[in-house]
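All remarks here apply to the structure that follows.
Nothing in this text is a laboratory measurement; each read-out follows from the coordinates by a stated rule. Note that the structure is a prediction, hence the values are computed from the model and not measured. Reconstructed Cβ throughout: ideal geometry from the backbone, glycine too, with neighbour counts over all protein chains shown.
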Amino acid sequence: MQTRADFLATGLAPVPNDVLSTLTGLDLDCSICAETLADPVSLPCHHIFDKACIVHWLEMPGKNTCPSCRRPLFDMPLFEPPEAAPNAAQMFYEALGYASPAVGQLSNDDGADIPGLSPAVPSEARVDATQYLFCISSGIRLQWTGPTRIDADALADHVAAMGYLLPSMSRIRGTPYTRREMEDWQTLLDRLHVVLARKNGKRYEARVMARKLRQKMNLRGLILHHDVDASGFLITDNGLTAELDTLLDYVTHVSYMHGTSQERARQAARRAAAVARGQRPRVNCAVM
């Protein structure tokens, strides 16, 4: 079998125009970057990618297979020094630059339109999602105890930000989602958005909110490329299960923090109203 250098020099075949003319729909997109093919090349297994994307993929240490079918393309060197690990904060904010929100409409089971994800996710939501990932990657455990309430409008931008930040992180790590993985991830995002809209105003105990949302998503009832086990968990080797857990935990975190912020605002308003009425505000003293 060829070496990496030999394969990159001779194994990427330009795709003829007559072949390109037969491609339609998603086949016109590179499954690595999910963008329209600009400089398409074909591998020996006939899978087509943008040249820059597949070259970047195959130049990474430990990569010698097609991203779609995992067919080996050249001999793996006996030893390859690993790439220097990028700074964690640099990775997160680089991924933040890749993240882009979805647009459009979703429909519930009755065919009624439900507003789709915002076409321009506010920077605050993106930064919040990035900071959350940075915290948990640093070993900081975020735990919530107490009641929390779903506010679908407040959560929509945060779902979009985290939903697109996680695949961007995979791209930065050198393990970009395949087309099927991205399609399944989009299906999960859409389903979560619908569940939040239906459960708007519903109160949960924060410790169980993520689990309850997973149950309401009913993964076994979705049309996915990957199987779902009897417990409702995706059977994958690509991290989608863990990333869905991260997304649901983040939704719980945002809901809890949003509810806490609202309660503090209400308390401040009550104190201000008491002062305006000439009453002395009540102060809670802690017993040491």
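Summary of computed values
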| quantity | calculated |
| --- | --- |
| Under the Debye formula (equal points on every Cα, no solvent term), log10 I(q)/I(0) of the range 1-84 at q = 0.12, 0.27 Å⁻¹ | -0.36, -1.44 |
| Projected label distance in nm at Glu35 and Gln267, using a 7 Å step from Cα toward the beta-carbon | 4.9 nm |
| Virtual spin-label span in nm between Val55 and Ile223, 7 Å along Cα→Cβ | 3.8 nm |
| Length released on extending from Ser137 to Thr24, taking residue separation times 0.36 nm less the Cα-Cα span | 36.7 nm |
| Sorted by Cβ neighbour density within 10 Å, fewest at the top, the residues Val15, Val275 | Val275, Val15 |
| Partner lysines for Lys212 [C-alpha distance under 18 Å; skip if fewer than 8 residues away on the same chain] | Lys199, Lys202 |
| Calculated FRET value between Arg180 and Met257, using beta carbons and R₀ = 35 Å, to 0.05 | 0.55 |
| The range 132-232: proportion of alpha-carbon pairs further apart than 20 angstrom, % | 50 percent |
